[in-house]
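Each remark here refers to the structure printed beneath this line.
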Amino acid sequence: MRNLFCGAIVWFGAACAAAGEPIKAVFRARLTPPIDEKINQHQDDWLTFYKDLHTHPELSLQEKDSAAKVAGRLKAAGYAVTTNVGGYGVVGVLANGPGPTVLIRGDMDALPIVEETGLAYKSEIATASTDGRQVGVMHACGHDVHQVCLVGAAQVLAHLRSHWSGTVVAIAQPAEEIGKGALMMINDGLFERFPRPNFCVSLHVSSDQPAGEIGYTSGWSMANVDSVDITIFGRGGHGSRPNQAVDPIVAAANVIVALQTIVSRRVDPVDPAVITVGSVHAGSKHNIIPDEAVLQITVRSYTEETRRILLDGIRQVTTNVCRALACPRDPDIRIREDEFTPAAYNDPELTDAAVRVLEQLLGADKVVRQKARMGGEDFGRYAKHLNIPGFMFWLGSVPKDRFEASRKPDGPPLPSLHSSKYYPDPLPTITTGVRSLSALVLSLLDSRE
């Protein structure tokens, strides 16, 4: 814990960060009018930008056009911009004198989903190629909103540069949906080639909060995400003579059930953990016992200890079940380290400071504590890599009428993120996001007044 106070001022600077001082982020209320003035000036342009991004989504590792659009707007705002950092990553730097460095991030990639929102500006990308397959493409996780909020906050901060001192690093990140983008940018020298941040701040749309509302979680916020591929080997044969074969489908069924005992019997009951078998592939015809069965599994946890229990347990349980059922060889179990996403942790002190700023800006009734989630988000890599405070908040995005209808006893459920029917109420979502992100960054930079 940081337990020393650096001087009498309330602004947290780089020297205090190095000394391990408490975070004292304070937003100056008199900056609210110029922030709102800038938002009013640009909101129509931001809405047009949002619709363009939504209409022209790009899959992970294919974000060339999105990156060019973000880079152009950051350059126009006065940032020194570098492109192609870790794939199509964009880094914009606004150095504005001595003081803390704050990193803000927006991710760019879309999902392989055919859009079913019925919006006038729905995705025009009917098909795209990924892994040799033709798929639809849709911004079903709000990364179009994230890009606009990144650009909008960067423009506001540039406009108000006479009021603060320090450095803003604005990054547009590729490949978040496949858990690779943050690591790609880090491995390409993000923290060697550009100013090293004292804080990392970001936002993510929420599909269960109304537009205009903010959510937050202190501590663990998003989970470790591991992908596991398992191939179970049998001995094929005729379905009428199972005694002459070794059925890998039966072995797979036993493995699926047995895996659930890892969570219920090996993990501390108060530690969140999930093992979900999301895919089972085996066989080709009713009366043929196949040679193999393939399982694809997602594994979720927060701590490294729990993660290790789950992954070791999967290896042990799967291997021993297959041996007990006389499989001719041990299963092939592959932990997809290339797809691992570490858990995102919201620094409690930074979270407390951010909540005070957001409550001051939006009103306490608009800032709501949320439970931690088991979804994945590779934004947590940045703060973890540098061992610095990081904070991601939830940005309400649901249209008010749709949210209120869902609250009725027989109301329609809200589409979740990654749903083909998810869409935000763009203008209030974007303006709240830009307003909140700008104020939070301003509270962490040094004051020039």
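Number of residues in region 226-249 that are in a helix (DSSP H, G or I) and surrounded by fewer than 18 Cβ atoms within 10 Å (Cβ to Cβ) equals 4. Filtering region 251-268 for residues that are touching a Phe, Trp or Tyr at 6+ places or on another chain (Cβ under 6 Å), surrounded by 15 or more Cβ atoms within 10 Å (Cβ to Cβ), of a type outside the set (G, A, S) and not in a loop (DSSP other than H, G, I, E, B) leaves an empty set. Might you let me know whether region 140-156 holds any residue that is modelled with pLDDT of 95 or more, more than 23 Å from D425 (Cβ to Cβ) and in contact with a strand residue (DSSP E or B) (Cβ under 7 Å, 6 or more places away or on another chain)? No - not one qualifying residue is present in region 140-156.
Considering region 83-109, the residues that are under 14 Å from A182 (Cβ atoms) and among the aliphatic types (A, V, I, L, M) include one that is surrounded by the fewest Cβ atoms within 10 Å (Cβ to Cβ), namely V85. With the condition kept exactly as written, say whether any residue in region 371-393 is touching a Cys at 6+ places or on another chain (Cβ under 8 Å), surrounded by 18 or more Cβ atoms within 10 Å (Cβ to Cβ), within 14 Å of Y216 (Cα to Cα) and of a type in the set (A, V, I, L, M). No, the conditions are met nowhere in region 371-393. Check whether at least one residue in region 275-288 is closer than 27 Å to M392 by Cα, surrounded by 13 or more Cβ atoms within 10 Å (Cβ to Cβ) and among the aliphatic types (A, V, I, L, M), and report yes or no. Yes, region 275-288 contains at least one residue that is closer than 27 Å to M392 by Cα, surrounded by 13 or more Cβ atoms within 10 Å (Cβ to Cβ) and among the aliphatic types (A, V, I, L, M). Look at (1) within 30 Å of V102 (Cβ to Cβ); (2) assigned by TED's automatic domain parsing to the domain that holds R315 and you find that E213 fails only one, number (2). Of the residues contained in region 41-55, one or more are found to be in contact with a His (Cβ under 8 Å, 6 or more places away or on another chain) and buried (at least 18 other Cβ atoms within 10 Å of the Cβ).
State yes or no: is G136 in the same structural domain as A439 (by TED's automatic domain parsing), of a type outside the set (V, I, T) and modelled with pLDDT of 95 or more? No. All of A383, A354, A344 fail the test of being within 26 Å of F194 (Cα to Cα) and touching a Leu at 6+ places or on another chain (Cβ under 6 Å), apart from A354.
Of the strands (runs of 3 or more DSSP E) lying entirely inside region 155-225, the ones with 2 or more residues being among the small types (G, A, S) and crowded, with 20+ Cβ neighbours inside 10 Å are found at 164-173, 199-210. Scanning region 6-27 for residues that are at pLDDT 55 or above and surrounded by 15 or more Cβ atoms within 10 Å (Cβ to Cβ) yields E21, P22, I23, K24, A25, V26, F27. So which residues in region 289-305 are more than 30 Å from G239 (Cβ to Cβ) and part of a strand (DSSP E or B), if there are any at all? Result: T298, V299, R300, S301. Within region 56-82, being touching a Leu at 6+ places or on another chain (Cβ under 7 Å) and surrounded by fewer than 17 Cβ atoms within 10 Å (Cβ to Cβ) holds for one residue alone: G78.
The values are calculated or read from the model by the stated rules, or taken from the named source; none is laboratory data. As the structure is a prediction and not an experimental result, all values here were calculated from the model. All Cβ positions, glycine included, derive from the backbone under ideal geometry; neighbour counts span all protein chains shown.
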